[in-house]
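Enquirer: I am attaching a structure below and will ask some questions about it afterwards.
The values are calculated or read from the model by the stated rules, or taken from the named source; none is laboratory data. A quick note: this is a predicted structure, and the numbers were derived from the prediction, not measured. We place every Cβ from the backbone using ideal geometry, glycine too, and count neighbours over all the protein chains shown. Keep in mind that these areas ignore ligands, DNA and RNA; they rest on the heavy atoms of the full protein, side chains included. Shrake-Rupley method; radii C 1.70, N 1.55, O 1.52, S 1.80 Å.
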Amino acid sequence: YAGAITQHANTVVKTWLVDAAIVDAVKAQNSANAGLTQADIDNLDKQWRAEVSAAAKPTIDKVLGNSLSAYLKAKLEASKGLYTEIFVMDGKGLNVGQSNITSDYWQGDEPKWQETFGKGAGSVHISDVEEDESTQTYQSQLSLPIVDPASQAVIGAITIGINVEGL
């Protein structure tokens with residue numbers, strides 16, 4: 001599936017990555033989070049993971065309720081089942097927006113962020129195909145860096161869960 005996923009990345013997904021909805025949201029969060037330490041990030045991630053199964057989800061709701069998440073949900077819905085999830089990460093690997101709840105807030109310790117943000121513009125990470133138990137589909141995660149069109153600096157990353165049976 002890697003060839004079909006790469007072709008999809010080059011023909012569809014890369015057009016999103018210059019959209020102001022994504023670029024501006026990542027830049028704003030990078031600015032807001034510039035002073036976070038690793039201990040701060042770990043605490044935020046711990047809080048997020050606790051909220052996943054809790055009734056009250058203030059941290060998660062803040063992200064899910066933002067305009068970038070609305071943009072990503074629209075992309076997910078328009079895909080007619082091709083995408084299983086979409087989320088955008090900032091320069092520290094923290095979620096900026098997402099189509100649905102992720103199990104954790106900090107992606108910076110995972111290949112989806114390390115192999116894209118960490119490797120620079122033009123990098124691509126495609127995960128192995130795995131069964132997604134929540135959607136009962138076989139998916140691969142496509143991850144790409146997000147580059148600021150003005151400065152050409154890598155500012156974040158995006159991950160799209162792709163239903164490989166829908167390619």
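Enquirer: Kindly check whether there is at least one residue in the range 132-149 that is open to solvent by 60 Å² or more (accessible area, probe 1.4 Å) and in a strand (DSSP E or B). If you could, list the steps in order and put the result at the bottom.
Expert: We begin by selecting, within the range 132-149, every residue open to solvent by 60 Å² or more (accessible area, probe 1.4 Å); these are 133-134, 136, 138, 149.
Restricting the remaining residues to those that are in a strand (DSSP E or B) gives 138.
Checked the range 132-149: at least one residue is open to solvent by 60 Å² or more (accessible area, probe 1.4 Å) and in a strand (DSSP E or B).
Enquirer: A further question on this structure: Going through Glu77, Glu85, Glu115, Glu131 one at a time, which residue ends up being under 12 Å from the mean Cα position of the chain (by Cα) and acidic (Asp, Glu)?
Expert: On inspection, the qualifying residue turns out to be Glu85.
Enquirer: Taking Ala20, is it open to solvent by 40 Å² or more (accessible area, probe 1.4 Å), of a type in the set (A, V, I, L, M, F, W, C) and touching a residue at least 12 places away in the same chain (Cβ under 8 Å)?
Expert: no
Enquirer: Could you grab me the full set of residues in the range 150-167 that are out of contact with any Pro (no Cβ under 7 Å at 6 or more places or on another chain) and open to solvent by 10 Å² or more (accessible area, probe 1.4 Å)? Lay out the reasoning, then the answer.
Expert: The first filter runs over the range 150-167 and keeps only residues out of contact with any Pro (no Cβ under 7 Å at 6 or more places or on another chain), leaving 150-153, 155-156, 158-167.
Once the filter is applied, which keeps residues that are out of contact with any Pro (no Cβ under 7 Å at 6 or more places or on another chain) and open to solvent by 10 Å² or more (accessible area, probe 1.4 Å), the range 150-167 yields Ala150, Ser151, Gln152, Ala153, Ile155, Asn163, Glu165, Gly166, Leu167.
Enquirer: I want to confirm something. Restricting to the range 91-123 and keeping residues that are among the β-branched types (Val, Ile, Thr) and modelled with pLDDT under 95, which single residue is surrounded by the most Cβ atoms within 10 Å (Cβ to Cβ)?
Expert: Step by step, filter the range 91-123, then rank; the result is Thr102.
Enquirer: Has the range 40-53 got at least one residue that is basic (Lys, Arg) and closer than 18 Å to Tyr105 by Cβ?
Expert: Filtering the range 40-53 down to residues basic (Lys, Arg) leaves 46, 49.
Subset that is closer than 18 Å to Tyr105 by Cβ: 46, 49.
Yes, that holds for at least one residue.
Enquirer: What number of residues in the range 1-37 are assigned to a helix (DSSP H, G or I) and in contact with a Gly (Cβ under 9 Å, 6 or more places away or on another chain)?
Expert: As a first pass, look at the range 1-37 and keep what is assigned to a helix (DSSP H, G or I): 2-16, 20-32.
Now narrow it down to the ones that are in contact with a Gly (Cβ under 9 Å, 6 or more places away or on another chain): 21-23, 25-27, 29-30.
Total meeting the criteria: 8.
Enquirer: Any residue in the range 113-141 that's in contact (Cβ under 8 Å) with a residue 60 or more places away in the chain: show its pairings with residues that are part of a loop (DSSP other than H, G, I, E, B) and of a type outside the set (D, E, K, R) at Cβ separation under 6 Å, as long as the two are six or more apart or on different chains.
Expert: Every condition considered, the pairs that remain are Ser140/Tyr1; Ser140/Ser127; Ser140/Val129.
Enquirer: Out of (1) over 18 Å from Tyr1 (Cβ atoms); (2) of a type in the set (A, V, I, L, M, F, W, C); (3) surrounded by fewer than 21 Cβ atoms within 10 Å (Cβ to Cβ); (4) in contact with a Gly (Cβ under 6 Å, 6 or more places away or on another chain), the odd one out for Leu82 is which?
Expert: So the condition that Leu82 fails would be (1).
Enquirer: Now a separate question. So, in the range 92-131, exactly how many residues are assigned to a strand (DSSP E or B) and aromatic (Phe, Trp, Tyr)?
Expert: 1
Enquirer: Which one of the conditions (1) out of contact with any strand residue (DSSP E or B) (no Cβ under 6 Å at 6 or more places or on another chain); (2) open to solvent by less than 20 Å² (accessible area, probe 1.4 Å) does Lys73 fail to meet, given that it meets all the rest?
Expert: (2)
Enquirer: Could you run through the range 24-43 and say how many residues are surrounded by fewer than 19 Cβ atoms within 10 Å (Cβ to Cβ) and either in contact with a helix residue (DSSP H, G or I) (Cβ under 9 Å, 6 or more places away or on another chain) or among the hydrophobic types (A, V, I, L, M, F, W, C) (or both)?
Expert: Number of matching residues: 8.
Enquirer: Tell me, please, whether a residue that is farther than 18 Å from Ile160 by Cα, of a type in the set (Ser, Thr, Tyr) and outside any helix (DSSP H, G or I) can be found in the range 71-88.
Expert: For the range 71-88, residues farther than 18 Å from Ile160 by Cα, of a type in the set (Ser, Thr, Tyr) and outside any helix (DSSP H, G or I): absent.
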